[in-house]
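A short write-up of the structure that comes next.
The values are calculated or read from the model by the stated rules, or taken from the named source; none is laboratory data. Model, not experiment: these values are computed from the prediction. Virtual Cβ from ideal backbone geometry, glycine too; neighbours counted across all protein chains shown.
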Amino acid sequence: MRVLVTGATGFIGGHVIAAVLRAGHDVTAAARMPLSVTRRYTGVKAVAADFTRDHAVSDWLPRLDHIDAVINCVGIIRETRGQSFDSLHRDAPIALFRACEQAGIKKVIQISALGADDAAVSHYHLSKKAADDALASMQLHWVILQPSIVYGPGAKSSALFRALAALPMIPLVADGQQPVQPVHVDDLVAVILKALGSDTLDGRKITVAGPAPLSMKSLLSRWRSWLGLGPALFLPVPYTVALFGARMLGFLGTTPVNSDTVRMLARGNTGDVAPLRKALGREPLSFENGLSQTPAQQADLWHAQLYFLVPLLRISLALLWIATGLISAFAFPASGSYALLAPLGIDGWMAPLALYGAATLDIALGAAMLLRWQVARVGAVQIAVIVAYSLLVAVGLPDYWLHPFGPITKNIPLVVATLIVMATEAKS
């Protein structure tokens with residue numbers, strides 16, 4: 001069978017591609033950057049597709065030539081400037097499904113989300129539900145899978161939970177008794193293969209979840225044990241406070257947490273697994289057994305401990321640039337700044353131009369990094385500015401290299417810190 005997989009560079013999409021290949025099918029991967037797919041997988045054909053703008057049937061029809069089945073794995077945890085829930089979860093998938101209907105595709109499998117139902121209130125769930133409803137109304141052999149929190153190697157949501165579990169004191173929304181029913185990615189992939197290989201699941205929406213609910217507090221405790229850390233200390237946070245904190249984190253773009261995720265957590269994330277159990281012919285993996293399949297490595301602990309520190313590093317660097325610009329322009333005496341510029345050959349009308357121009361550049365670079373705008377490029381400009389500044393000082397003010405406060409030698413760790421932020425912000 002020739003299968004088109006969307007969301008090929010994502011967590012679920014990657015596992016699906018590997019499993020479909022092992023099952024002996026031909027895979028065409030739709031991705032915004034096809035080269036990133038062909039580098040990862042041998043024998044996979046890749047086509048360019050952009051869910052942020054491919055919202056017309058005509059965008060998808062050429063990609064469906066010689067395709068027998070489509071598996072839509074596209075999904076985001078939170079919105080960004082360039083990626084909205086409506087574009088990625090609703091508009092592009094509906095266009096794809098309509099193209100499948102016109103092209104006579106035999107099978108369409110939609111990876112939705114548990115909670116995308118009539119009781120949905122979050123933008124995330126409503127956008128998923130819109131695509132689900134549209135697909136269910138079409139003359140296709142469709143299967144809609146609605147997974148709970150999916151964990152396993154490479155899961156972004158798991159990274160957040162591991163990071164929370166690794167904190168010295170773990171925050172909980174209220175008492176942390178919100179029920180969740182995480183499912184291992186292997187079980188999700190198994191039911192996808194079952195849906196792909198037979199018609200027994202056609203025309204059905206299936207909850208894909210673990211065998212039994214557990215509380216968020218228990219979930220975090222088990223992640224902490226998996227990381228090899230000691231007993232957890234918990235900090236209950238009132239719902240309203242957690243909602244405010246999540247709103248601030250969402251604004252800063254530091255984690256997948258925002259006000260929507262807190263509301264979804266308060267609702268809970270559980271469902272009836274009897275249909276999944278029947279489809280698999282066995283019990284889904286328990287959370288304990290799922291974790292035991294991939295024992296934690298040192299890299300897992302490092303990633304968990306650095307998860308919140310890297311965004312803090314980005315924010316602190318951004319604030320440093322902003323503060324430097326503001327102090328240079330408004331707080332530090334201009335006469336003192338001009339005295340520092342004179343040995344560099346910058347005087348007369350050039351002095352205020354250099355002073356306020358550099359201050360403006362510092363503020364702009366800091367603001368761009370704070371808002372996560374083109375972080376890699378902004379970081380490269382920052383490093384170039386630091387290097388240029390250091391070279392100018394080395395020529396005009398060489399004594400500053402020996403200054404006890406290290407105004408120049410501090411630039412070395414500053415460059416390294418910027419490189420770290422650039423590396424962690426890089427997109428595949």
Fill in: Any hit, region 150-169, residues being basic (Lys, Arg) and within 30 Å of Leu220 (Cβ to Cβ)
yes
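Yes/no per residue for (1) touching a Leu at 6+ places or on another chain (Cβ under 9 Å); (2) of a type in the set (S, T, N, Q); (3) assigned by TED's automatic domain parsing to the domain that holds Trp142:
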| site | (1), (2), (3) |
| --- | --- |
| Ala23 | yes, no, yes |
| Arg53 | no, no, yes |
| Asp59 | yes, no, yes |
| Arg63 | yes, no, yes |
| Ile67 | yes, no, yes |
| Gln83 | no, yes, yes |
| Ser87 | no, yes, yes |
Practice prompt. Would you tally the residues in region 62-104 being modelled with pLDDT of 95 or more and touching a strand residue (DSSP E or B) at 6+ places or on another chain (Cβ under 8 Å)?
Written response: 14
Worksheet item: Has region 25-34 got any residue that is among the hydrophobic types (A, V, I, L, M, F, W, C), over 24 Å from Val191 (Cβ atoms) and in contact (Cβ under 8 Å) with a residue 60 or more places away in the chain?
Response: yes
Discussion item. When you scan region 341-358, do you find a residue that is in contact with a Gly (Cβ under 6 Å, 6 or more places away or on another chain), in a helix (DSSP H, G or I) and small (Gly, Ala, Ser), even just one?
Written reply: no
Item to complete: Would you point out the residue of region 282-332, among those that are charged (D, E, K, R) and surrounded by 15 or more Cβ atoms within 10 Å (Cβ to Cβ), that is nearest to Leu229 (Cα to Cα)?
Response: Asp300
Discussion item. Of all residues being touching a residue at least 24 places away in the same chain (Cβ under 8 Å) and assigned to a loop (DSSP other than H, G, I, E, B) in region 101-116, which is farthest from Leu4 (Cα to Cα)? Just the residue, please.
Written reply: Gly115
Discussion item. Step by step: first the residues of region 272-309, then only those that are in a loop (DSSP other than H, G, I, E, B) and farther than 30 Å from Ala195 by Cα, then the one that is nearest to the chain's Cα centre (by Cα). Which residue is that?
Written reply: Tyr307
Practice prompt. Kindly indicate which of Ala417, Ala394, Ala384, Ala380 is modelled with pLDDT of 95 or more, surrounded by fewer than 13 Cβ atoms within 10 Å (Cβ to Cβ) and either in the same structural domain as Asp362 (by TED's automatic domain parsing) or not hydrophobic (A, V, I, L, M, F, W, C) (or both).
Written response: Ala384
Worksheet item: Quick one: would you say Thr409 is modelled with pLDDT under 90 and closer than 22 Å to Leu312 by Cα?
Response: no
Discussion item. Pairs needed: first member in region 207-223, closer than 20 Å to Pro295 by Cβ; second member anywhere, in a loop (DSSP other than H, G, I, E, B) and among the hydroxyl-bearing types (Ser, Thr, Tyr); C-beta distance under 9 Å; at least 6 residues apart or different chains.
Written reply: Gly210/Ser148; Gly210/Ser286
Fill in: Conditions (1) out of contact with any Pro (no Cβ under 8 Å at 6 or more places or on another chain); (2) part of a loop (DSSP other than H, G, I, E, B); (3) of a type in the set (Gly, Ala, Ser); number of the one not met by Ser87
(2)
Worksheet item: In the list Arg78, Arg63, Arg98, which residue meets the criterion of being within 23 Å of His15 (Cα to Cα) and not in a loop (DSSP other than H, G, I, E, B)?
Response: Arg63
Item to complete: Looking for whichever is more than 22 Å from Ile206 (Cα to Cα), of a type in the set (Gly, Ala, Ser) and surrounded by 22 or more Cβ atoms within 10 Å (Cβ to Cβ) here; the options are Ala113, Ala49. Which one fits?
Response: Ala49
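Does Gly366 satisfy being assigned to a helix (DSSP H, G or I), within 40 Å of the chain's Cα centre (by Cα) and either loosely packed, with under 15 Cβ neighbours inside 10 Å or at negative phi (or both)? Show your work before the answer.
Details: assigned to a helix (DSSP H, G or I): yes; within 40 Å of the chain's Cα centre (by Cα): yes; either loosely packed, with under 15 Cβ neighbours inside 10 Å or at negative phi (or both): yes.
So Gly366 passes the test.
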Fill in: Members of region 372-401 found to be in contact (Cβ under 8 Å) with a residue 12 or more places away in the chain, part of a helix (DSSP H, G or I) and within 19 Å of Gly345 (Cα to Cα), listed by number
Val385, Ile386, Val387, Tyr389, Ser390, Leu392, Val393, Ala394, Val395, Gly396
Worksheet, complete the sentence: Of (1) modelled with pLDDT under 95; (2) more than 21 Å from Ile77 (Cβ to Cβ); (3) of a type outside the set (Lys, Arg), Asp59 satisfies every one except (1)
Worksheet item: Only one residue in Ser221, Ser225, Ser215, Ser158 is over 21 Å from Gly268 (Cα atoms) and among the hydroxyl-bearing types (Ser, Thr, Tyr), so which one is that?
Response: Ser225
Worksheet, complete the sentence: With the first residue restricted to region 347-371 and required to be in the same structural domain as Leu320 (by TED's automatic domain parsing) and under 20 Å from Pro333 (Cβ atoms), and the second required to be aromatic (Phe, Trp, Tyr) and surrounded by fewer than 16 Cβ atoms within 10 Å (Cβ to Cβ), Cβ contacts under 9 Å at 6 or more apart or on different chains are Ala358/Tyr389; Ala359/Phe330
